[in-house]
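First comes the structure, then the notes that go with it.
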Amino acid sequence: MAKTSTTTQGLRAAIERSGYYPALVAEAVEAAVGGEPMRSYLVHQETTFDQNEVRRHVTVLVLTANRFIVSHTDEQAADTTSPTPYATTSTESVKLGRISSIVVSRVVANPESYKPGTLPREIVLTIGWGAVSRIDLEPAACGDPDCEADHGYTGSSTADDLSLRVSEAGDGPETVRQALAFAQALSEATADLR
């Protein structure tokens, strides 16, 4: 990463604002990006409740000229494998040409009075590149209610590599804006390849 880049500085500041092991997260992301200039980024910190424990998770998405980089960091409580709490960080680098779908679902309040440019109250960004797919199957049937024949199965396969929900209430309006900007930059970058 070019250390003088405003995008790099913005990413590092966003990682630090998340307050979630910033040195660990930044090092993992910087190693994955290497020296490639960044076009856009998104940092999303999520807190979940697992029985009696609070767990944090941060996802960092980075767009370069050639790649889409995903970094996930999770914290774990002490367990039988480790006497102390620990964190797991993973990064995946995907060539832009492999991205097969980008879905942005927007939730807006009072759609009858919606004005262009109004910030959605939440968005769900789903990105597929073929690493993970979900298959939903169900028994197939015909239109005859008395038919007892085996018609096999019917179903659908859905790319489900990454799904990220960002809300104004939970994450703040700036994170929603950043998520929309990242989705647009990624969509434009992949459109250039077709």
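The values are calculated or read from the model by the stated rules, or taken from the named source; none is laboratory data. Quick caveat: nothing in here was measured; it's all calculated off a predicted structure. For accessibility, only protein heavy atoms count, side chains too; no ligands or nucleic acids. Shrake-Rupley method; radii C 1.70, N 1.55, O 1.52, S 1.80 Å.
3J(HN,Hα) along the stretch 70-76: 10, 10, 10, 10, 10, 9, 10 Hz, from the Karplus curve 6.51 cos²θ - 1.76 cosθ + 1.60 with θ = phi - 60°, whole Hz, x for Gly and Pro. For Arg121, nonlocal amide neighbours, meaning residues 5 or more places apart or on other chains whose placed amide H falls under 5 Å from its own, are Val107, Val108, Ala109.
With protein chains left intact and a 1.4 Å probe, residues in the chain average 59 Å² of accessible area per residue. Listed values for the stretch 140-155 are Karplus-derived 3J(HN,Hα) couplings in whole Hz (6.51 cos²θ - 1.76 cosθ + 1.60, θ = phi - 60°), namely 7, 9, 10, x, 7, x, 9, 6, 10, 6, 7, 9, x, 10, 10, x, and x replaces Gly and Pro. Based on the convex hull around the alpha carbon atoms, the stretch 54-166 presents an average projected area of 14.1 nm².
Taking all protein chains in place and a 1.4 Å probe, what share, in percent, of the accessible surface of the stretch 50-194 do carbon and sulfur account for? If you can, show how the numbers build up before the last one.
Numbers: 4250 of 8880 Å².
On the stretch 50-194, the fraction of accessible area on carbon and sulfur atoms equals 48 percent.
Counting every pair of alpha carbons in the chain, the share spaced more than 29 Å apart comes to 36 percent.
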